[in-house]
Amino acid sequence: MRSIASSSVCRQEFTLNSLDTFTDEEQLLRESVQRFAAEVVGPKVREMDEKEKMDPEIIKGLFEQGLMGIETSADHGGAESSFTAAIIAIEELAKVDPSVSVMCDVHNTLVNTVLRKYGSKEQCDKWLPQLATEKLGSFCLSEPASGSDAFALQTRAKKEGNEWVVNGSKMWITNSAEAEIFLIFANIDPSKGYKGITCFIATKDMGIEIAKKEEKLGIRASSTCTLNFDDLRIPEENVIGGEGKGYKIAIEILNEGRIGIAAQMLGLAQGAFDKAVPYTYQRQQFGQPVGTFQGMAFQIAEAAVQLQSARLLTYNAARRKEEGKSFTQEAAMAKYLASVVAQKVSGSAIEWAGGVGFTRETGIEKYWRDSKIGAIYEGTSNIQLQTIAKFIQKQYS
């Protein structure tokens, strides 16, 4: 019997690649983002963190580098690249500043994706070029009473003539201080429960009030604000995906967004690792580098394993999404593990650097502060575990 392994036809038609295999375009993007992050973002990180404000030049630079329309078609001013390319950009930015990374992440994986997937041709033609070249977007779902239970939202929209009148408020909204375009989720018919939730697109100048800006433990340069809508009037043509389709849009988009957060946490952890480990081989105690003592060497080795595990889960979820396969469970696993690894590795990195790691000067402590949000936003770690558990129960029960 002829062996399958000896079949040249089989080998030519079906090739398995590692998860570290990228297209030339993806690899070039990685190198480009690395340069931008090091040369443009890096010098501003500490100042932005201490001022708790994003430098406008960073936002401008992201647009100029083509990083705000990564998957958007060339016809709409975008790079027309892959989802994995977006994940790579988010990861590389997070190695230098997770605040800049999450701004790019939300804009690409949530705002742009909603329009690309659910917007009409007219809506895409109008909004995507702006989002790809000049205007920052914000995704407005969370409210004071609807965090993990995102669809208990209280914001309401009522039809008046050819407009929708929106009243309510949103909390914990990323990019909101700098954004000019907002995706707003509101219920047009509370009697239908979550089936009344509808997605609207609005601009800041329509009357969106940017209220309280949160003072946060981490990702301080990333704006997180409360938004108020007081008889906000939105044209009827600004409904995205149809009336009552907001629930479906949010569920599907957040699954993709979780891969983005996994990439952010992965990049953060790698950034902390890259800053702390070289120091352990420079710092000498008892006649040898501290990183060569077995106790620390094993910690570093274990962290490297955890980083690679999170990386493979993240890339796998991204590729499955691209291939049109189911990826909800994989996205939950990636986000959960990457968030755990980010906290653990960044915390260890402080200890590896000793007293120097505890100071702000090195920037290592910032990674740990920034890591805490990974277990909270776009679905808490418990929500991710619940999602994974449901898949296991379905498979085995």
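Listed values, structure above:
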{"read-out": "Contour excess over end-to-end distance, with Cα ends at ILE392 and ASN167 and 0.36 nm allotted per residue", "value": "77.0 nm"}
{"read-out": "Total formal charge among the other residues, if their Cβ is under 12 angstrom from that of LEU307, Lys/Arg +1 and Asp/Glu -1", "value": "0"}
{"read-out": "The range 119-200: antiparallel DSSP beta bridges as a percent of all, rounded to 5", "value": "65"}
{"read-out": "Förster radius 41 Å - calculated FRET efficiency between ARG283 and LYS325, Cβ distance, rounded to 0.05", "value": "0.35"}
{"read-out": "Degrees, to the nearest 10: 246-282 long Cα axis against longest axis of the chain", "value": "30"}
{"read-out": "Helix-only mean residue ellipticity at 222 nm for the chain, each DSSP H run of n ≥ 4 adding -39500 (n - 2.57), per residue, nearest 500", "value": "-16000 deg cm²/dmol"}
{"read-out": "Accessible-area ranking of SER138, SER309, SER81, largest first, probe 1.4 Å", "value": "SER309, SER81, SER138"}
{"read-out": "Surface accessible to a 1.4 Å probe, ILE376 within the full protein complex, Å²", "value": "100"}
{"read-out": "Rh by Kirkwood over Cα pairs, then Stokes-Einstein D for the chain at 0.692 mPa s and 37 °C, µm²/s", "value": "149"}
{"read-out": "Fraction of antiparallel bridges per DSSP, the chain only, in percent to nearest 5", "value": "85"}
{"read-out": "Net dipole in debye of the chain [+1 Lys, Arg Cβ; -1 Asp, Glu Cβ; about Cα centre; nearest 20]", "value": "1200"}
{"read-out": "Order by protection proxy (mean Cβ within 10 Å, highest first), peptides 354-364, 327-337", "value": "327-337, 354-364"}
{"read-out": "Whole-number accessible area per residue in Å² for the range 247-396, which is evaluated in the context of all protein chains at 1.4 Å", "value": "46"}
{"read-out": "Centroid-to-centroid separation of the range 334-397 and the range 272-290 [C-alpha atoms, Å]", "value": "24"}
{"read-out": "Selected from ILE251, ILE261, ILE373 as most flexible by GNM, with the chain as the system and alpha-carbon contacts under 10 Å", "value": "ILE251"}
{"read-out": "Radius 15 Å from Cβ of LYS192, net charge of other residues (Lys, Arg +1; Asp, Glu -1)", "value": "+4"}
{"read-out": "Heavy atoms of TRP368 accessible to a 1.4 Å probe, total area in Å² rounded to 10", "value": "90"}
{"read-out": "Listed residues ARG35, ARG233 arranged by accessible area, highest first, probe 1.4 Å", "value": "ARG35, ARG233"}
{"read-out": "Simple Cβ-charge dipole of the range 24-135, Lys/Arg +1 and Asp/Glu -1, about Cα centre, in debye nearest 20", "value": "320"}
{"read-out": "Solvent exposure ordering (accessible area, 1.4 Å, most first) of VAL340, VAL277", "value": "VAL340, VAL277"}
{"read-out": "ASP75 - accessible surface, heavy atoms, 1.4 Å probe, Å² rounded to 10", "value": "150"}
{"read-out": "Förster radius 30 Å - calculated FRET efficiency between GLU64 and ILE376 (Cβ-Cβ, nearest 0.05)", "value": "0.45"}
{"read-out": "In nm, spacing of pseudo-spin labels at LYS213 and GLU252 (7 Å Cα→C-beta vector)", "value": "3.6"}
{"read-out": "Two-site FRET efficiency, THR23 against LYS117, from Cβ-Cβ distance with R₀ of 22 Å, rounded to 0.05", "value": "0.50"}
{"read-out": "Selection from LEU128, PHE83, ALA94, by position along the positive dipole direction of the range 24-135 (Cβ)", "value": "LEU128"}
{"read-out": "Net dipole in debye of the range 247-396 [+1 Lys, Arg Cβ; -1 Asp, Glu Cβ; about Cα centre; nearest 20]", "value": "300"}
{"read-out": "Rounded percent of accessible protein surface that carbon and sulfur make up, the range 97-205, 1.4 Å probe", "value": "49"}
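The values are calculated or read from the model by the stated rules, or taken from the named source; none is laboratory data. Being a predicted model, the structure only gives us computed values, none of them experimental. As a convention, Cβ positions derive from the backbone with ideal geometry for all residues, glycine included, and neighbour counts pool all protein chains shown. These area figures cover heavy atoms from the full protein model, side chains too; ligands, DNA and RNA do not enter into them. Shrake-Rupley method; radii C 1.70, N 1.55, O 1.52, S 1.80 Å.
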